[in-house]
Amino acid sequence: MIAKDIQIPSIPRRMACWMYEGMLMFGVVFIAGYLFSTLSQTRNALDNRHGLQAFVFVVFAVYFVWFWAKGQTLAMKTWHIRVVDVNGQPITQQRALLRYVLSWMWFLPPLAASWMLELSAAKGAVLTMGWVAIWAILARFHPQQQFWHDAWAGTRLITLITPPKAKRTASAKATVSSPS
């Protein structure tokens with residue numbers, strides 16, 4: 001049950017955060033790919049590609065589990081969104097890992113369909129974009145409008161409301177006295 005003072009971010013706001021997270025993940029992928037290529041002495045991008053995919057999957061898991069267990073990723077901080085459990089408490093690393101695995105619902109169905117139907121990269125990208133839109137819209141059918149992978153993981157996204165900064169009073173301001 002949701003407490004009355006908890007606000008749920010709108011779907012467009014969550015998707016904007018999702019897009020920003022994707023931009024940040026580009027940097028994570030770049031560094032992980034460079035590290036993997038250096039350590040494995042990979043000279044060609046097609047060599048060790050399955051190993052690279054597995055490595056990036058693990059790097060993503062570490063990134064997301066670490067930050068979600070702390071409450072927010074950088075993108076979530078920017079958009080004032082926090083991930084909590086169904087009771088509004090911080091999530092454990094185990095729950096964050098479950099959320100990570102279930103969050104692949106954003107991509108696995110269209111990737112599997114593209115592979116089975118042997119679609120070109122362009123058609124696969126269109127299918128993926130369509131699925132992402134459908135998956136986001138499906139949140140409207142959840143009672144609290146949460147994404148379904150969050151519901152299955154026992155997590156939810158909430159708006160992080162920060163209290164307004166206390167107004168400084170004249171007595172609280174530090175005054176600098178001039179030297180005598």
Figure the gain on full extension for HIS142 and LEU74 (residue separation times 0.36 nm, minus the Cα-Cα span) and round it to one decimal in nm.
21.9 nm
If I model a spin label at THR159 and TYR20 as a point 7 Å from the Cα along the Cα→Cβ vector, what separation in nanometres do I get?
1.5
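Suppose we look only past 19 Å in the calculated P(r) of the stretch 78-165. What percent of the Cα-Cα pairs does that tail hold?
Summing the P(r) tail past 19 Å for the stretch 78-165 gives 51 percent.
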Largest-first principal axis extents, alpha carbons of the stretch 19-92, Å:
48, 22, 15
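Helix by helix, which DSSP H runs in the chain go 27 Å or more along their axis at the Cα atoms and have an average Kyte-Doolittle hydropathy of -1.0 or more?
Answer set is 11-40, 49-70.
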Given C-alpha coordinates of the chain, what is the ratio Rg to Rh with the Kirkwood estimate of Rh?
1.12
Estimated inter-spin distance, LEU46 and ALA61, nm [label 7 Å along Cα→Cβ]
2.9
Using just the helices of the chain, give the 222 nm mean residue ellipticity in deg cm²/dmol: DSSP H runs with n ≥ 4 each add -39,500 (n - 2.57), and the total is spread over all residues, rounded to 500.
-18000 deg cm²/dmol
Among 151-159, 116-124, the order from most to least packed when residues are scored by Cβ within 10 Å on average:
151-159, 116-124
Please get the size of the charge dipole for the chain, origin at its Cα centre, with Cβ charges of +1 on Lys and Arg and -1 on Asp and Glu, quoted in debye to the nearest 20.
760
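Rule-based calculations on the coordinates, nothing more; no lab input. From a predicted model like this one, the values you see are computed outputs, not experimental measurements. Note: ideal-geometry Cβ built from the backbone for every residue, glycine included; neighbour counts use all protein chains shown.
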